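Below is one structure; the comments refer to it alone.
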Amino acid sequence: MLFLDVFLCEKPHFFQSLQNDSLSIFEELRLQYERISGPGHPDTLQVMNNLGQVHTRSGSPEQGREVLGEALDRALAEPDVGPDHQATIWLHS
């Protein structure tokens, strides 16, 4: 997922042309990861981080903050994740 973040940051014109598709893809990924891995799994949290970033970069910062806040709450509540896990640290940055 990090590669995708870097690619989208370096190619803003490409990102702008795909923002609606990106939102749909990350929404679907979020549902699938929640179903398969669970809502507090680090992979699910990473997808939520990416979804929040896409919302923010596509002009919906309120939705981005909402998704990122939900992901952070899940990370902090998950016993196997917690405040020192890499997924939580990413959500704080």
Worksheet, complete the sentence: Residues of the stretch 68-85 being assigned to a helix (DSSP H, G or I) and free of Cβ contacts under 8 Å to residues at least 24 places away in the same chain, in sequence order, are LEU68, GLY69, GLU70, LEU72, ASP73, LEU76
Worksheet item: Just one of ARG65, ARG35 is assigned to a helix (DSSP H, G or I) and farther than 23 Å from GLN19 by Cβ; which is it?
Response: ARG35
Discussion item. Quick check on SER22: is it part of a helix (DSSP H, G or I), modelled with pLDDT under 90 and open to solvent by less than 30 Å² (accessible area, probe 1.4 Å)?
Written reply: yes
Discussion item. So, in the stretch 52-79, how many residues would count as being over 16 Å from ILE25 (Cα atoms), surrounded by 17 or more Cβ atoms within 10 Å (Cβ to Cβ) and not small (Gly, Ala, Ser)?
Written reply: 4
Worksheet item: What pairs come up if the first residue lies in the stretch 30-43 and is over 14 Å from GLU70 (Cβ atoms), the second is of a type in the set (D, E, K, R), and their beta carbons are under 6 Å apart, counting only those six or more places apart or on different chains?
Response: SER37/ASP43
Worksheet item: Residue check: is GLY40 modelled with pLDDT under 95, at positive phi and not in a helix (DSSP H, G or I)?
Response: no
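The values are calculated or read from the model by the stated rules, or taken from the named source; none is laboratory data. Not measured: the values here are computed from a predicted model. So basically every Cβ, Gly included, is an ideal-geometry build from the backbone, and we count neighbours across all protein chains shown. Protein only, heavy atoms only, side chains kept; ligands, DNA and RNA dropped before computing areas. Shrake-Rupley method; radii C 1.70, N 1.55, O 1.52, S 1.80 Å.
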